There are 2 protein chains.
Amino acid sequence: MTKIPEDLPDCTVFLLGKAYQKAHGDFQKRLKPYGLTNMQHLVLEGLWYQEGLTAAELGKMLILDKATLSGVLERMVEAGWIRKEQSPDDRRIFHLYPSAKANDMKEVLIEERKKANGELLAGFSLEEQLLFKRLLRVLM
Amino acid sequence: MTKIPEDLPDCTVFLLGKAYQKAHGDFQKRLKPYGLTNMQHLVLEGLWYQEGLTAAELGKMLILDKATLSGVLERMVEAGWIRKEQSPDDRRIFHLYPSAKANDMKEVLIEERKKANGELLAGFSLEEQLLFKRLLRVLM
DNA sequence: GGCAACTCCTTTGTATGCGAACCATTAACC
DNA sequence: GGTTAATGGTTCGCATACAAAGGAGTTGCC
């Protein structure tokens with residue numbers, strides 16, 4: 001059995017990466033039966049919060065690179081989760097809307113996110129949960 | 001419009017992802033002048049801790065998928081950061097060693113990691129830093 | 001000895017993630 | 001009003017990530 005270097009458990013960048021890796025993986029598995037990825041779920045949440053956003057606005061809201069978002073949106077249109085509508089005012093822009101299929105599953109999908117969050121924080125006391133979120137917000 | 005039960009700033013999976021995104025990006029930028037990536041730096045730290053590890057052992061230590069590691073190691077050999085030596089006892093296995101070039105930069109590179117950690121936690125009190133790391137360890 | 005099971009690693013396929021270059025369009029300004 | 005700057009989106013290149021399958025090698029067990 002290989003031991004972990006003493007330094008690693010003290011390296012916050014490493015710890016943060018691994019905590020994210022686990023949280024992301026768990027959420028991904030939870031979403032797999034729906035044919036959605038973590039990222040695609042996030043996009044839907046953004047559009048449920050405000051329909052008709054452009055890719056640039058959505059990227060700003062979700063802190064995502066436009067190059068990344070471009071591919072994600074294309075696959076989501078392909079899979080019928082969202083709709084792109086070119087703006088008549090500015091032909092560079094597309095307004096984004098969740099599809100009927102997405103809206104039908106809205107409640108269930110939001111519930112899955114809540115469950116994922118609950119599962120992630122299961123080992124924390126209520127106080128620790130609030131504190132943890134507060135600290136994460138500082139880092140962003 | 002239907003309201004969202006839980007706002008994005010309260011979604012821990014999201015917060016964790018964004019905190020990681022920022023930490024990872026900052027460390028990546030810090031390492032760029034050396035021609036190293038975050039992941040490659042991590043591999044070197046693992047091998048400095050114990051030379052001659054196999055890919056499987058290193059993956060276990062760093063919690064990395066073997067498929068991911070395979071490509072990373074290939075690029076690191078290509079770039080002259082590490083050396084792969086086939087084991088005479090078991091021809092499936094490669095033992096991994098940091099190159100002379102890597103060892104020459106060991107002190108500097110470890111210093112960069114420390115600086116990255118310091119920068120990341122700059123907004124936290126000493127108490128918060130310890131608490132944050134403790135909470136992250138629970139999640140792994 | 002021999003074959004099944006297991007292990008190590010690679011390969012393939014899909015999905016991020018971001019910098020940089022690029023095209024089309026719109027805004028800004030002289 | 002025409003050149004320049006800025007913006008929105010796509011594409012390319014590179015580097016993770018991981019599931020799944022596959023090839024090569026080793027072990028276990030009768």
Exercise. Can we say residue B:87 is more than 14 Å from chain A (Cβ to nearest Cβ) and modelled with pLDDT of 95 or more?
Worked result: no
Seminar exercise, completed: Exactly one of A:116, A:67, A:102, A:55 is within 16 Å of DNA strand D (Cβ to nearest atom) and open to solvent by less than 20 Å² (accessible area, probe 1.4 Å), and that one is A:116
Exercise. Residue check, residue A:80 against (1) in contact with a helix residue (DSSP H, G or I) (Cβ under 6 Å, 6 or more places away or on another chain); (2) away from DNA strand D (no atom under 11 Å from the Cβ); (3) at negative phi, all met but one. Which one?
Worked result: (3)
For this session: Select the helices (runs of 4 or more DSSP H) contained entirely in region A:1-115, then report the ones holding at least 1 residues which are away from DNA strand C (no atom under 15 Å from the Cβ) and over 30 Å from residue B:64 (Cα atoms).
Result: A:38-49, A:55-62, A:100-104
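Just one of A:133, A:106, A:101 is free of Cβ contacts under 8 Å to residues at least 40 places away in the same chain and within 11 Å of chain B (Cβ to nearest Cβ); which is it? Quick ask: steps written out before the conclusion?
Values: A:106 fails: free of Cβ contacts under 8 Å to residues at least 40 places away in the same chain; A:101 fails: within 11 Å of chain B (Cβ to nearest Cβ).
The conditions single out A:133.
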For this session: Tell me, yes or no, whether region B:73-85 has at least one residue that is open to solvent by 50 Å² or more (accessible area, probe 1.4 Å) and touching a residue at least 60 places away in the same chain (Cβ under 8 Å).
Result: no
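Would you mind stating whether residue B:123 is open to solvent by less than 80 Å² (accessible area, probe 1.4 Å), in a loop (DSSP other than H, G, I, E, B) and either closer than 30 Å to residue A:137 by Cα or free of Cβ contacts under 8 Å to residues at least 12 places away in the same chain (or both)? Steps first, please.
On the way: open to solvent by less than 80 Å² (accessible area, probe 1.4 Å): yes; in a loop (DSSP other than H, G, I, E, B): yes; either closer than 30 Å to residue A:137 by Cα or free of Cβ contacts under 8 Å to residues at least 12 places away in the same chain (or both): yes.
Answer is yes for this residue.
The values are calculated or read from the model by the stated rules, or taken from the named source; none is laboratory data. These numbers come from a predicted model, not from an experiment. Here the Cβ is made from the backbone with ideal geometry for all residues, glycine too, and neighbour counts use every protein chain on show. Only protein heavy atoms, including side chains, enter the accessible area calculation; ligands, DNA and RNA are left aside. Shrake-Rupley method; radii C 1.70, N 1.55, O 1.52, S 1.80 Å.
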